[in-house]
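The structure under discussion appears below in the form of structure tokens.
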Amino acid sequence: MPVKKIIINTENDDFELFKSNLCQSIKMLDPKEAVEEIINSHKIEKFFNEKKYCKSFYLVAMVNYLSNKYGLNMNIHTYDKYKLKDIVYPRGVEMMSRLLKNNEIKEKALKNAEKEFLKFNICEGEIENVY
């Protein structure tokens, strides 16, 4: 049985922690290996069946993002007809927008978001800059 290299947190409901752990572990892998790990983990289906759509769609978007960026031809199209009802912004963007009462922060984040994530109404654009 292969060693799991990607951290896909199923225990914690915190979406920001989930994203951070996933992005940190992906940075340490070859893109193809990262995509294969996500697909073979079956977490996309698990989260979808548990109605944890945000996590499920985030994983699909990550696979598609890496596949498109590195020309891997490993995109997932099973969930193309789905998206979240409301746009999910990174916690920092949401907080700054509320504190400053300024929606331009959200608009800027949307302009910089990756299309693979926006397709599911997830505003994500800092994939390689996670610390």
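The values are calculated or read from the model by the stated rules, or taken from the named source; none is laboratory data. In this text the structure is predicted, and so the values were computed from the model without any measurement. Positions of Cβ are generated from backbone atoms using ideal geometry, with glycine treated the same way; all protein chains shown enter the neighbour counts.
Here is how the numbers come out for the structure above:
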| item | result |
| --- | --- |
| Neighbours by Cβ (under 7 Å, 6+ apart or cross-chain): first from the range 107-129, at positive phi; second part of a loop (DSSP other than H, G, I, E, B) | N121/K83; N121/L84; N121/D86; N121/I87 |
| The lone exception for E11 - which of (1) farther than 14 Å from E116 by Cβ; (2) among the charged types (D, E, K, R); (3) assigned to a helix (DSSP H, G or I) it fails | (3) |
| Residue check, E104 over 14 Å from the mean Cα position of the chain (by Cα) and modelled with pLDDT of 95 or more | yes |
| Residue that is in a helix (DSSP H, G or I), free of Cβ contacts under 8 Å to residues at least 24 places away in the same chain and more than 20 Å from G125 (Cα to Cα), where the choices are E37, E45 | E45 |
| Residue selected from the range 66-101 under the condition of a type in the set (S, T, N, Q) and surrounded by 13 or more Cβ atoms within 10 Å (Cβ to Cβ), by the criterion farthest from the chain's Cα centre (by Cα) | S97 |
| Residues within the range 1-38 that are farther than 29 Å from E94 by Cα and either of a type in the set (A, V, I, L, M) or at pLDDT 90 or above (or both), tallied | 9 |
| Members of the range 48-65 that are exposed (fewer than 13 other Cβ atoms within 10 Å of the Cβ) and either touching a Lys or Arg at 6+ places or on another chain (Cβ under 9 Å) or assigned to a helix (DSSP H, G or I) (or both) | N49 |
| Filter pass, F18 being part of a helix (DSSP H, G or I), of a type in the set (F, W, Y) and over 21 Å from E126 (Cα atoms) | no |
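To keep it simple, each residue is scored yes or no on (1) of a type in the set (A, V, I, L, M); (2) under 20 Å from L118 (Cα atoms).
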{"residue": "L17", "(1), (2)": "yes, yes"}
{"residue": "K27", "(1), (2)": "no, no"}
{"residue": "D30", "(1), (2)": "no, no"}
{"residue": "K55", "(1), (2)": "no, yes"}
{"residue": "Y58", "(1), (2)": "no, yes"}
{"residue": "S67", "(1), (2)": "no, yes"}
{"residue": "Y79", "(1), (2)": "no, yes"}
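This table checks each residue for (1) part of a loop (DSSP other than H, G, I, E, B); (2) among the basic types (K, R); (3) over 17 Å from I8 (Cβ atoms).
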| site | (1), (2), (3) |
| --- | --- |
| Y79 | yes, no, no |
| M95 | no, no, yes |
| K106 | no, yes, yes |
| K111 | no, yes, yes |
